[in-house]
1. Using +1 at the Cβ of each Lys and Arg and -1 at the Cβ of each Asp and Glu in region 1-42, identify which of Thr30, Leu20, Gln40 lies farthest towards the dipole's positive end.
2. Quick one: compute a quarter of the convex hull surface over the Cα atoms of region 1-74 and quote it in nm².
3. Expressed in nm to one decimal, what extension gain is obtained for the pair Glu18 and Thr2 from 0.36 nm per residue of sequence separation less their Cα-Cα distance?
4. Place a +1 charge on the Cβ of each Lys and Arg in region 2-57 and a -1 charge on the Cβ of each Asp and Glu, then give the dipole magnitude about the Cα centre in debye, rounded to the nearest 20.
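Readers should treat all values here as calculations from the given coordinates under stated rules, not as data from a laboratory. None of these values were measured; they are calculated from a predicted model. Here Cβ is always computed from backbone atoms with ideal geometry, including for glycine, and neighbour counts include all displayed protein chains.
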Amino acid sequence: MTRVWKWNRPVTVREVLEDLQQERSIAYTTVMTVLDNLHQKGWVRREAEGRAYRYEAVSTRAAYAAALMNDAWSQSDNPAAALVAFFGMMSEEQRQALRDAVRIVQGPEEAAETSGPADGEENPGSAPDGGGR
């Protein structure tokens, strides 16, 4: 799948084979079998071109990764705890990417409404002594 995603266009077995052979020795039939298996599983679609097929990814790599994460999360008996554990494994860069993604999904208005005060700011309406009135 990595090779199919890399090119982001329909590819032939021969193209994938030649690319892989730059790194290691591999048989044409092996590549053909793998692409056929990916087609059988619904990960790629194929279109006949002469005596060969051109294979194209059904979804993007990002969509595939999202589906894997969603599947793993939905398997949990405690989704909130699973998310907390997952967030705990993230680097600061990954957490920032997550915050950016949430802002994109929410849109600017909703993000402003749901985000708390910036670091060092007080909540509007709260007393400076923290009393909240």
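1. Gln40
2. Working: hull surface 21.7 nm².
Projected area, direction-averaged: 5.4 nm².
3. Gain on stretching Glu18 to Thr2: 4.3 nm.
4. Numbers: 10 positive and 8 negative charges, 24 e Å.
Dipole magnitude for region 2-57 comes out near 120 debye.
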